[in-house]
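Read through the structure below, which is laid out as structure tokens, and then see the notes.
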Amino acid sequence: MPIDRVTLSHFRNHTESQLDGTRHFNLLVGENGAGKTNVLEALSLFAPGRGLRRAALVEMAKSGGTGGFAVSALLDCRDGSDPVRLGTGTRSDRPGRRLVQINGANASAIGLGEWLATSWLTPAMDGLFTDSAGARRRYIDRLALALDPGHARHASRYETALRERNRLLDGEMEPDSSWMDAVETQLASHGSSLAAGRATLVEQLTSELSLLPDHPFARPALTYVAGGPVEQGELARELRLQRMRDRAARRTLTGPHRDELEVLMAGKQMPAASCSTGEQKAMLIAITLAHAELAARGRPGMLLLDEVAAHLDPVRRMALFERLRAGEAQVWMTGTELAPFDAIAGEAAVWRVISGRVERAG
Amino acid sequence: MASQEIETLASALARLPGLGPRSARRAVLWLVKRRETALAQLVGALVEVQEKLVECAVCGNVDTRDPCGICADPRRDQRALCVVEDVADLWALDRAKLFTGRYHVLGGRLSALEGVRPEDLTIDKLIGRMEAGGIDEVVLAMNATLEGQTTAHYIAERLEGYPVRITQLAHGLPVGGELDYLDEGTLAQALRARRPMA
């Protein structure tokens, strides 16, 4: 299996937990607060970024522990060669700095993405379609980053340049026009790359989703709506042209920070935000699976699904299991009880999670 | 437990970049053991620098004379001017001994968020040097950060209309770097900045 011999030490409520003998399906079952999602979070650290809770590193270290934590696993690349040892964590003397080791050598978190494609879906993402446009932009940026590591750099530089321009617009005095020119040059350069990255992602997801039927999962139709000109020269011109308007508004009103991801339910042509909770969940699952397929091209994949099965009716649950079974990615799921997983319990590796300990249960 | 004076010295040294309390105590102990030699020499050097330290009125470099050693050096090319953000950048460039012209230290970089405005930098002084004439080329050697590049664009625009060639340090492939280790952003920069083989 791609990921095996997973160890968590001093991670959240786990002192020392080891998960051996993983399979295609891996189930973590236990009461609320037992530490199931903590295992998924630990696995999500094998991707670049802050993990599936977007938490600070210091929060991940076990309270009352040494102040540091470690997560490791063996990655089988299925090419007949020895598995690769992945490790990440913090040291007690520098709890805010994430260390990454690949086969014992120090590496960067970005480097992890070259080995393994990790995607996840958590209940915290359930409100994505009704949430702010900003939350959807962050979401598509995270998906885009998994396919193109350079995307993060454009996003952060654009963000900084935007705050610079807004500060200039918000000043008491008329902004210095040469200074505005200089900031807008940066804004247009990173903004057009950022917008192009998002547009490409939505295009790829759309073509992946178009292969799916409308049933039993509601199929989402995604549209990327640019918040300004996408081409660098045009964006620069537009920013320059709209200085007066932006000065009156005291902030920048055009550019990729105004992008929107529009989601319709393909069958009914209904905005996702107006669909039922179950339909929204089904569409999120469809996007997550499509992204996992895209991300796992050329490298092993891992899919972390937190509390997913419980939200689905039996028909959709079976359909989900069938799709996951057909997919390449190793699947990790959590639930408070085993019953919803009956259909796959025979082929899955099952662990009971009890107050920060894991016990193999099947 | 060391005396108050020694603690004061240790805590002053601890604030030096790259040192910290532990290294500072070690340095103090080392100095104390060599009171007549190393300590005396250090005290003398510190006093001398403190007394003579001045900022060069021409370029903004820090030296013990004004104009600084670089501005006063007749062998330096007066027609080329390299603009840097800070004195540290000037020293880094000059250590390489490749640039034969003179420098201009801005004293920072533009940042609306940190409240650093054009008038907080020595940009007017730079324009004054342009007005005085005799300069053919201005090399903008800003950091490759967002603020550094914004500053470079700003200066380039302010220098429009002066009969000088404005150039910028190349961004891209580091010397000794291997292509397959570079991120795509850096590779894209390197590709954009490609030039004909000499």
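The values are calculated or read from the model by the stated rules, or taken from the named source; none is laboratory data. This one's a predicted model, so the numbers in the text were calculated from it and none came from an experiment. When we count neighbours, we look across all protein chains shown, and the Cβ atoms used for this are built from the backbone with ideal geometry, even at glycine. For accessibility, only protein heavy atoms count, side chains too; no ligands or nucleic acids. Shrake-Rupley method; radii C 1.70, N 1.55, O 1.52, S 1.80 Å.
At-a-glance table
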{"quantity": "Failed criterion for B:Gly101 (all others in (1) open to solvent by 20 Å² or more (accessible area, probe 1.4 Å); (2) away from chain A (no Cβ under 14 Å); (3) modelled with pLDDT of 95 or more hold)", "calculated": "(1)"}
{"quantity": "Meets criteria (part of a loop (DSSP other than H, G, I, E, B), small (Gly, Ala, Ser) and exposed (fewer than 14 other Cβ atoms within 10 Å of the Cβ)) for A:Gly80", "calculated": "yes"}
{"quantity": "Hits in segment A:21-34 (condition: under 22 Å from the mean Cα position of the chain (by Cα) and open to solvent by 10 Å² or more (accessible area, probe 1.4 Å))", "calculated": "A:His24"}
{"quantity": "Filtered residues of segment B:163-173 (kept if more than 14 Å from every other protein chain (Cβ to nearest Cβ) and closer than 16 Å to B:Arg129 by Cβ)", "calculated": "B:Pro163, B:Val164, B:Arg165"}
{"quantity": "Segment A:120-140: number of residues that are in contact with a His (Cβ under 9 Å, 6 or more places away or on another chain) and buried (at least 19 other Cβ atoms within 10 Å of the Cβ)", "calculated": "1"}
{"quantity": "From A:Thr88, A:Thr130, residue being over 16 Å from the mean Cα position of the chain (by Cα), touching a residue at least 24 places away in the same chain (Cβ under 8 Å) and under 18 Å from A:Met283 (Cα atoms)", "calculated": "A:Thr130"}
{"quantity": "In segment A:317-343, the residues that are within 19 Å of the chain's Cα centre (by Cα) and not in a helix (DSSP H, G or I)", "calculated": "A:Gly327, A:Glu328, A:Ala329, A:Gln330, A:Val331, A:Trp332, A:Met333, A:Thr334"}
{"quantity": "The one condition in (1) open to solvent by 20 Å² or more (accessible area, probe 1.4 Å); (2) in contact (Cβ under 8 Å) with a residue 40 or more places away in the chain that A:Leu116 fails to fulfil", "calculated": "(1)"}
{"quantity": "Within segment A:100-201, helices (runs of 4 or more DSSP H) holding 1 or more residues that are under 22 Å from A:Asp246 (Cβ atoms) and more than 10 Å from chain B (Cβ to nearest Cβ)", "calculated": "A:133-147, A:151-169"}
{"quantity": "Segment B:148-162, residues that are in contact (Cβ under 8 Å) with a residue 12 or more places away in the chain, open to solvent by 50 Å² or more (accessible area, probe 1.4 Å) and either more than 8 Å from chain A (Cβ to nearest Cβ) or under 19 Å from the mean Cα position of the chain (by Cα) (or both)", "calculated": "B:Tyr162"}
{"quantity": "B:Glu178 vs. criteria open to solvent by 90 Å² or more (accessible area, probe 1.4 Å), charged (D, E, K, R), more than 11 Å from chain A (Cβ to nearest Cβ) and over 30 Å from B:Gln78 (Cβ atoms)", "calculated": "yes"}
{"quantity": "Test set (1) open to solvent by less than 10 Å² (accessible area, probe 1.4 Å); (2) in contact with a Lys or Arg (Cβ under 8 Å, 6 or more places away or on another chain) - A:Gln18 fails condition number", "calculated": "(1)"}
{"quantity": "Filtered residue count, segment A:232-275, keeping only those that are at pLDDT 90 or above and open to solvent by 30 Å² or more (accessible area, probe 1.4 Å)", "calculated": "26"}
{"quantity": "Among (1) at pLDDT 95 or above; (2) more than 9 Å from chain B (Cβ to nearest Cβ), the one test that A:Ala218 misses", "calculated": "(1)"}
{"quantity": "Exclusive hit being of a type outside the set (Phe, Trp, Tyr) and closer than 30 Å to A:Leu239 by Cβ, set A:Asp313, A:Asp259, A:Asp342", "calculated": "A:Asp259"}
